[in-house]
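Each remark here refers to the structure printed beneath this line.
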Amino acid sequence: MLNRQQAPDFKQVSAINFIQPEKRLLSNGVPVFTIYSGEQDLVRIEFIFENVNWNRDKPLQAIAVSTLINNGTNKLSAKEIAEKIDFYGAFFQTEYTQDQSLVTLYTLNKHLHSVLPIVKDVLTNSQFPQNELDIYIQNQKQKLQVNLKKNDIVSRKEFAHALFGETAYGVDIKAEHYDGLEREALLTYFKTAYAPNNCTIVVSGKFDAAGFDLLDSHFGRDWEKSEVVKNAFSFSPTEKQFVYKEKPEALQSAIRIGQLAVNRKHEDFSGLQILNTVLGGYFGSRLMANIREDKGYTYGIGSGISSLQQAGYLFIATEVGADVCGAALTEIYKEIEILRTTLIEEEELNLVRNYMLGSMLGSLENVFSHADKFKNIYFAGLDYDYYTKYINTVKTITAQELLALANKYLTTESFTEVVIGKK
Amino acid sequence: MVDFNRFTLANGLKVLVHEDATTPMAVLNILYDVGARDEDPEKTGFAHLFEHLMFGGSINIPNYDEPLQRVGGENNAFTSNDITNYYITLPAENIETAFWLESDRMLSLAFSEKSLDTQRNVVSEEFKQRYLNQPYGDVWLKLRPLAYKKHAYRWATIGKELSHIENATMDDVKAFFKKHYNPQNAILVVGGNVKTEEVKKLAEKWFEPIPAGEKYHRNLEQEEPQIEARQETVKANVPLNAIYMAFKMPGRLNSDYYAFDLLSDILSRGQSSRLYNSLLKEQQLFSEINAYISSSLDPGLFIVEGKLIEGVAIETAEKAIWAELEKLKTELVSDTELTKVKNKVESILVFSEMGLLDKAMNLAYYELLGDAALLNNETAEFLKVQSADIQRIANETFNKNSSSTLYYLTEEHA
């Protein structure tokens, strides 16, 4: 007779294999890291540029260049670029993060030779036509108006600004920043940042020697170098801060609280990730169990820690019924206080260990995810030992160590507390 | 190409297995053939609320999530107007835990009052977060009843109104479970680092003892052909005027589905698309413009939506959309343009095979459509579409007398 009350046997994840990249250099010295897989006939090529020459009076330069880069070269119009890329079934994507600007090409192998020249043209001859810039400014200002009606987005902006001030990590973008965009400045930024000496290429998928030669023939030459100054910021912990923006019609309030912490380079980071998981990093977390599953105050609540190149921070975020905002805040602080005063039971800690190991294994789903894991460590100046140590920490950290981390980092007396909506 | 093996248990549960030895993970995906379209018009939002209750403990296992997390797994689910889909990903060597959990809640839920109380609140907050407390968040709550008068697609999965969720009772929950949650109304897909023989054994062990239950025979009231232009104007606290146009199109199984999908791509996929270039860039009438299809099983909607540039009259914007639609009715799409959207689709299908969960979900969905093997015919079906097909369906679809148009205006706009 089947006993349905008895859980089946299980094993903790034992081995997690990371595919490490092969490093080669283009003729001009641009490093190319390749994570190879022959499973599918496709490839992803990421051109990664560090954000540089930060100018707080022109905070949108890097973002605007990133978005507009495929809007016209001296050979092709924006429409022609898009049509060619689409015709080959390829994807050309740009992404701006706080530290880097990425240009990513996804293509089937059979079309690589056709699309690479277009990418080369874009990366070296982009013109930022005035009419395209005008349209961008107009549409972005409209988008900003819509976003400012979204409490969760406003809470992110306020929180980042409170922690990071007038830096690339924290500047509060306003409509007038868009009005201040100028074509000449964008061209200058483009020529400076999108240069071979500021570029790292990460390739994942089916990419062989012939593919590399093709890449080298396009990007290994005829690409001007530049003088860059990498963005450098430093931050110091703040006093307790409250940011409250009342929205009289709000049905829900967006809450975001937290403070500066450490980034991936710091030895406490892995332990902090485990502590974060317990607090609000998975569905069974304490915040979810209490504030969603017990109280029903919210559709979702979570916590996170974020690693930037020059800072780290931790946060708790949720949107809760406006009538229970105060109660939700009380419960959040209560859960943190428990982590600071009471040891985590072994049963819960073991669950979290297993969950995190399974999650790590599952996050290595395909060759792209292996490349993403590589980027995480490479751009933090780390190597694969980081993951070995991470896995070891997950398996062995003690409740006492987590209690100590909670007292070191979850110091709510210096948290920034942002509430958008009603209290 | 997504390979699979298939068998059916004695109680009627269909099982598909996709073996993929390149991953250490496994996925267990279960699709229940029930969605918001199967709800009582006075108790809408129920299929989705029920999805939440499926995580509130089952007859033999008080907590669903915890044992799964303990073996390194994760899960989630979604409800649409047509289906409810649950999925688990976990290390393949622990796959039996997924069978244990998923079979117990198919056998019977715990029907806990506490869970019902809590999830009524959680779903009410979800209603607020996604539909009521967002600019333009309630568009589909307005557009569906404008476009559908009889069919159950006239309400959204979240429900018509908060009160329907607040008034749900335990008797409703039990009746819904009995009617829809049994082996005959489900499709199970197991994928990843598994072997078919092993999956068969586990399925027989955990799922086969579950009583077959009654087969649910769907008999939905169908929409009558729309013969009048419908228009509605709403005003709300939003910064920009917006327009939403809905046209009736056939259901997912109609042979023209692929042509409709390509038609929406021609209009709005990416920066080379027609609406983007003509209306956003050249005429600068919109700051955002999109076209897409609802891909529903019963006759669905072809949607065109956009946010207007400040100062542009809504009538001007609407006229410009119509001009683009008329062009598709009168002029054949060029071979180059058609090849472009076909190439893009082909490429998307190849990239979609990189995700194990996507593959498992797709197999379940195509099995619901009639045969999981259809998944591997998709590219061929898209390639069959001709320019004349696009022109024909544009003529059949883009007519004022079968359109539903919603003006979503800022409050200042008198």
*Give the shape of chain A as rounded, prolate or oblate, defined through the alpha-carbon gyration tensor: a ≥ b ≥ c are the square roots of its eigenvalues, a/c under 1.5 means rounded, and otherwise the shape is prolate if a/b is larger than b/c and oblate if not.*
oblate
_Loop trypsin sites (Lys or Arg not before Pro), the range B:109-201 (other Cβ atoms within 10 Å of the site Cβ: 15 or fewer; DSSP)_ = B:149, B:150, B:195
*About the Cα centre of the protein assembly as shown, what is the dipole size in debye to 20, counting +1 per Lys and Arg Cβ and -1 per Asp and Glu Cβ, all else neutral?*
520
*Quick one: grab the alpha carbon gyration tensor of the protein assembly as shown, order the square roots of its eigenvalues as a ≥ b ≥ c, and give me rounded if a/c is under 1.5, else prolate or oblate depending on whether a/b is larger than b/c.*
rounded
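How crowded by other chains is B:264-273, given as the mean number of beta carbons from other chains within 10 Å of each beta carbon?
3
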*9 Å beta-carbon shell around residue A:371, net charge (K/R +1, D/E -1)*: +1
_Of A:400, A:380, A:285, which is farthest towards the positive pole of the range A:241-421's charge dipole, taken about the Cα centre with +1 and -1 on the beta-carbons of Lys, Arg and Asp, Glu respectively?_
A:380
*Considering only chain A, what is the antiparallel percent among its DSSP beta bridges, to the nearest 5?*
85
*So for the pair residue B:8, residue A:242, with labels modelled 7 Å out along Cα→Cβ, what separation do we get in nm?*
6.5
*Across the residues of B:133-140, average count of Cβ atoms on other protein chains within 10 Å?*
4
*Give me the lysines in straight-line cross-link reach of residue B:384: C-alpha distance below 21 Å, same-chain residues under 8 apart excluded.*
B:329, B:340, B:342, B:344
*Taking chain B as a Gaussian network, where each spring joins two C-alpha atoms under 10 Å apart, which residue of B:361, B:170, B:249 fluctuates the most?*
B:170
*Least to most buried among A:277, B:339 (fewest other Cβ within 10 Å first)*: B:339, A:277
*Determine the relative contact order of chain B: mean sequence separation of Cα pairs under 8 Å and six or more apart, normalised by residue count, in whole percent.*
22
*How far apart, in nm, are two points set 7 Å out from the Cα along the Cα-to-Cβ line at residue A:113 and at residue A:41?*
1.4
*Can you list the residues, at least 5 places off or on another chain, whose amide H is less than 5 Å from the amide H of residue B:159, using H built in the peptide plane?*
B:45
*Dipole of the protein assembly as shown, positive direction: furthest Cα of B:222, A:82, B:155, with charges on the beta-carbon*: A:82
*So how far apart, in nm, are the two label points at residue A:227 and residue A:11 if each is 7 Å from Cα heading toward Cβ?*
6.0
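Looking at the range A:37-107, which GluC sites (Glu not before Pro) are DSSP coil and have at most 14 other C-beta atoms within 10 Å of their C-beta?
Hits after loop and neighbour filter: A:39.
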*asked:* Over chain B, with a Gaussian network built from C-alpha contacts below 10 Å, which listed residue (B:89, B:169, B:336) shows the highest mean-square fluctuation?
replied: B:336
_Karplus 3J(HN,Hα) series, Hz, for the range B:138-147 with 6.51 cos²θ - 1.76 cosθ + 1.60 (x for Gly, Pro)_ = 9, 3, 6, 6, 8, 6, 4, x, 6, 7
*Coil-residue GluC sites (Glu not before Pro) of the range B:209-276, DSSP, other Cβ within 10 Å capped at 15*: B:214, B:221, B:228
_Cut-off under 5 Å, modelled amide H: who pairs with residue A:302 long-range_ = A:317
*Estimated vicinal HN-Hα couplings, Hz - the range B:377-387 in sequence order (Karplus 6.51, -1.76, 1.60; Gly, Pro = x)*: 9, 3, 4, 4, 5, 5, 5, 5, 5, 10, 4
*Within the range A:119-159, whose backbone N sits under 19 Å from a point 7 Å along Cα→Cβ of residue B:411?*
A:145-152
_In order through the range B:260-271: 3J(HN,Hα) via Karplus (6.51 cos²θ - 1.76 cosθ + 1.60), integer Hz, x for Gly, Pro_ = 5, 4, 5, 4, 5, 5, 4, 6, 8, 7, x, 7
*Residue mean of other protein chain beta carbons inside 10 Å, B:122-128*: 6
*asked:* Between residue A:143 and residue B:233, what's the calculated FRET efficiency when r is the beta-carbon distance and R0 is 22 Å? Round to 0.05.
replied: 0.40
*Within 10 Å of each residue's Cβ, count the other Cβ atoms and sort B:346, A:267, B:310 from fewest upward.*
A:267, B:310, B:346
*Would you mind working out the magnitude of the charge dipole of chain B relative to its Cα centre, with +1 at each Lys and Arg C-beta and -1 at each Asp and Glu C-beta, to the nearest 20 Debye?*
420
*What order do you get for B:368, B:188 when you list them from fewest to most C-beta neighbours inside 10 Å?*
B:368, B:188
_Additional length obtainable on full extension of the chain from residue A:363 to residue A:408, 0.36 nm per residue less Cα span_ = 13.3 nm
*By the scheme Lys and Arg +1, Asp and Glu -1, what is the net charge of all other residues having a beta-carbon under 12 Å from that of residue B:306?*
-3
*So what's the angle, to the nearest 10 degrees on a 0 to 90 scale, between helix B:113-127 and the longest Cα principal axis of chain B?*
20
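First check a/c for the range B:230-410, with a ≥ b ≥ c the square roots of the eigenvalues of its C-alpha gyration tensor; if it is under 1.5, answer rounded, and if not, answer prolate when a/b is larger than b/c or oblate otherwise.
Judged from the Cα gyration tensor, the range B:230-410 comes out prolate (a/c at least 1.5, a/b above b/c).
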*Taking the Cα centre of chain A as origin, work out the dipole magnitude from +1 charges on Lys and Arg Cβ and -1 charges on Asp and Glu Cβ, in debye rounded to 20.*
160
_Mean Cα-pair separation over length for chain A, i.e. relative contact order, pairs under 8 Å, 6 or more apart, %_ = 22
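FYI, it's all coordinate maths here, none of it is from the lab. Here the structure is a predicted model, which is why all the values come from computation and not from measurement. All Cβ positions, even for glycine, are placed from backbone atoms using ideal geometry, and neighbour counts span all protein chains on display.
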